[in-house]
Amino acid sequence: MMELKALKPRLHNIMFHTHTVSGIVICFALFVIFYAGAFALFMDELYQWENPNARITTVDASKVDYDKIIEKVKEVHPKFDSTKQFGIVPPTAKQPLSYFYGSEKVNDSTTTRFTAYVNPASYEVNVAGEEPTTHMSRTIYQLHFFRQIPVVGIYLSGVVSFFFLFAIFTGLLTHWKNISNKFYAFTVKGKWKNIWTNSHISLGFITLPFQLIYAITGALFGLSILLLLPTAFLAFNGDTASVIEAINPSAAVKYSDDAKPIEGAFSYNDAYKKVSAENPDYPIIYILSRNYGLEDGTITVNVDDSKGIAANGSFIFGYKDGNTISALIPEKSSYSKSTLNILIKLHYATYGGLFLKIIYFILAMVTCYIMTSGVMIWRTARNKKTYTDKQRRFHHKVTKCYLALTMSMFPAVAIIFLANKIVPIELEGRTFYVNSIFFLGWLILLITGLFWDNYSKLNKNYIVIGSVLCLLIPVANGIFTGDWIWRTLISQQYYVFSVDFTAFFIGISGLLLNKYYLKVVDVTTVK
Amino acid sequence: MPANLKYLSSKGQRWLKVTAAIIGGYAVTVTFHNAVGVFLTNYKGALIITSAYFSFILWAILMVFAFMIKNGWKIWGIYLLLTIIFTCITLTYR
């Protein structure tokens with residue numbers, strides 16, 4: 001067995017203390033980030049389940065007439081301003097509806113964004129306004145960077161990510177000596193304190209690369225402003241635009257406000273055909289244009305096969321003549337132009353197909369477990385006579401609040417799945433109702449949990465509630481959309497079926513776990 | 001077992017270290033990348049994108065390092081000195 005040297009006692013205790021303090025401070029927010037983020041990985045895959053209107057037969061994206069889509073949107077939505085940036089997402093097996101993101105003129109000075117859904121077979125257009133019809137996975141996605149908290153939410157998530165990096169480094173140094181021996185001593189037998197400690201160390205070590213990826217990319221997405229401003233000031237003489245141009249070629253294209261309208265020689269269909277002919281292995285994921293219909297207009301085509309870490313590209317063509325203005329060829333772009341996309345792909349798990357996303361999901365859940373085990377170690381180590389009753393009550397309260405907040409997320413996520421089905425799909429402003437049910441439901445669950453003074457009872461109750469709600473998910477989908485689980489299996493609608501099946505599987509597993517394994521034991525000696 | 005209190009610093013010293021770790025560490029990180037950047041004028045894009053992820057790593061390492069030093073004044077001194085040196089390099093060679 002590999003022998004690792006321990007740190008000197010002073011250093012070990014300092015690392016231990018900074019790890020404990022930073023860990024306890026960030027664990028509440030970090031658990032929410034990882035738990036919500038784990039579900040947000042499947043945002044695209046969940047789409048057909050959450051929006052029954054999208055459960056249509058897939059049309060081959062190369063057979064779609066994209067210029068006809070633009071014409072249809074203009075017909076249905078006369079306020080649509082085609083000179084502002086707009087774009088089309090071609091249909092895929094995951095999302096058989098084609099998305100249209102455009103701008104509409106409110107008056108001469110202001111424009112607002114709108115989303116439209118286009119059926120690629122019938123070219124029927126549904127304009128949804130600024131918010132999409134269904135918002136379930138997007139709400140979960142936004143929760144993972146605290147978008148619901150105005151202005152500061154995203155920075156808060158960035159700060160938490162950065163302190164997570166600090167906690168990883170100090171944790172690694174604290175447990176350095178034990179990395180290999182606790183790894184081999186891993187057992188689920190014996191005292192709970194030992195199980196918490198051993199699993200915290202060995203699982204922490206296994207997930208270390210995964211956690212480093214998220215700590216760094218999370219901090220970057222949340223706090224990029226901290227880096228961008230001083231760098232722009234010193235290296236680019238205060239020119240933030242040229243900083244962005246250095247890493248993003250599309251930002252370098254200049255547009256004039258008084259460009260004249262012309263009849264262009266290049267269309268969306270031409271752009272689609274040209275790019276797919278030159279890059280047959282890379283599906284087109286987005287086509288967008290700026291100053292469309294004007295003399296300096298451009299059409300941009302983005303490709304990505306979602307299989308390689310650098311397998312995405314971007315091609316910009318002039319609207320006037322179809323000349324290539326800039327080309328970012330997949331797997332062949334430079335370090336400076338591809339790294340940001342690599343960091344994004346590492347964060348969103350879009351470089352290895354569905355299997356990779358499942359691995360990411362499991363690793364995210366393990367990370368959640370590591371946080372909870374850390375809190376349990378913290379509290380168990382302090383549940384001793386050497387601490388005053390006041391101190392011990394404080395440790396107990398922190399642990400209870402943490403467990404109530406985090407464990408209640410299991411039933412809360414099931415609630416938003418149910419709310420997505422129960423609130424009628426045609427209802428105006430339904431996103432508000434779905435989100436209110438989710439957040440209020442979570443709050444009620446959380447507050448209820450604070451009355452369960454025993455940790456194992458709290459854990460057991462949340463698992464039972466969550467499991468029952470999970471079992472209701474396929475039932476709700478069956479009742480409200482008519483797509484019962486056996487029907488979607490027979491008709492091979494796997495994106496719908498797998499959501500129902502996973503919910504069913506989790507529900508059954510939770511109830512079995514409860515029946516055979518979860519016992520209420522009193523470890524909460526201080527009330 | 002929680003950390004042994006005899007190895008931890010007093011309140012005043014703790015504040016010095018926390019501020020040196022966060023503020024001092026940030027200042028050293030930013031000025032370091034800019035100082036390197038003035039010698040890589042043809043690779044500004046690469047510099048920006050490298051600093052995008054490496055800054056956080058360096059900053060966190062500097063945070064850990066700040067707590068390892070016994071005297072909080074000393075770590076503030078080191079980080080201030082480094083910041084000044086890197087800023088001088090940037091201003092001289094830009």
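Computed values, structure above
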| item | result |
| --- | --- |
| Residues with amide H under 5 Å from that of A:L294, placed H, sequence gap 5 or more | A:I262 |
| Average other protein chain Cβ within 10 Å of Cβ, residues A:212-220 | 3 |
| Surface share of carbon and sulfur [accessible, 1.4 angstrom probe, percent] for the protein assembly as shown | 66 |
| Mean separation of Cα contacts under 8 Å, 6 or more apart, over the residue count of chain A: relative contact order % | 15 |
| Solvent-accessible surface (1.4 angstrom probe) belonging to A:C368, in square angstrom, nearest 10 | 10 |
| Gyration tensor (alpha-carbon) shape descriptor, the stretch A:337-475, a/c threshold 1.5 | oblate |
| Amide hydrogen neighbours beyond the local backbone of A:I285, cut-off 5 Å, H modeled | A:N302, A:V303, A:D304 |
| Within-11-Å neighbourhood charge of A:S338 [Cβ basis; K, R +1; D, E -1] | +2 |
| Sequence ranges A:15-26, A:487-498, ranked by mean other-Cβ count within 10 angstrom, highest first | A:15-26, A:487-498 |
| Probe 1.4 Å - accessible area at A:I179, Å² to nearest ten | 20 |
| For A:R10, solvent-accessible area (1.4 Å; no DNA, RNA or ligand), Å² | 60 |
| Proximal charge balance of A:I463 [Cβ under 15 Å; K/R count +1, D/E count -1] | +4 |
| Inter-centroid distance (Cα atoms) of the stretch A:271-304 relative to the stretch A:418-478, Å | 42 |
| Helix-only [θ]222 nm of chain A, DSSP H runs n ≥ 4, -39500 (n - 2.57) each, per residue, nearest 500 | -19000 deg cm²/dmol |
| Number of partner chain Cβ atoms within 10 Å, mean per residue of B:60-72 | 4 |
| Those residues of the stretch A:390-405 whose amide nitrogen sits under 18 Å from the label point placed on B:L5, 7 Å along Cα→Cβ | A:390-396 |
| Reference-scaled alpha-carbon Rg (2.2 N^0.38 Å with N residues) for the stretch A:7-84 | 2.22 |
| Shielding of A:18-27 by partner chains, average beta-carbon count, 10 Å | 2 |
| Cα gyration tensor shape of the stretch B:25-94, rounded if a/c is under 1.5, else prolate or oblate by comparing a/b with b/c | oblate |
| Virtual spin-label span in nm between A:N454 and A:I425, 7 Å along Cα→Cβ | 4.5 |
| Net charge of Cβ neighbours under 13 Å - reference A:D44; Lys, Arg +1; Asp, Glu -1 | 0 |
| Neighbour cut-off at most 15 other Cβ (10 Å), DSSP loop, trypsin sites (Lys or Arg not before Pro), the stretch A:72-111 | A:K79 |
| Cα-Cα separations in chain A greater than 45 Å, expressed as whole percent | 22 |
| Residues whose placed amide H lies under 5 Å from that of A:T133, excluding near-sequence neighbours | none |
| Size of the stretch A:1-43 as Cα extents on the principal axes (Å, biggest first) | 46, 30, 8 |
| Heavy-atom SASA rank of A:E426, A:E131 (probe 1.4 Å, accessible area, largest first) | A:E426, A:E131 |
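The values are calculated or read from the model by the stated rules, or taken from the named source; none is laboratory data. Just so it is clear, the structure is predicted and the values come from calculations on it, not from any experiment. Note: ideal-geometry Cβ built from the backbone for every residue, glycine included; neighbour counts use all protein chains shown. Heavy atoms of the whole protein, side chains included, go into the accessibility calculation; ligands, DNA and RNA do not. Shrake-Rupley method; radii C 1.70, N 1.55, O 1.52, S 1.80 Å.
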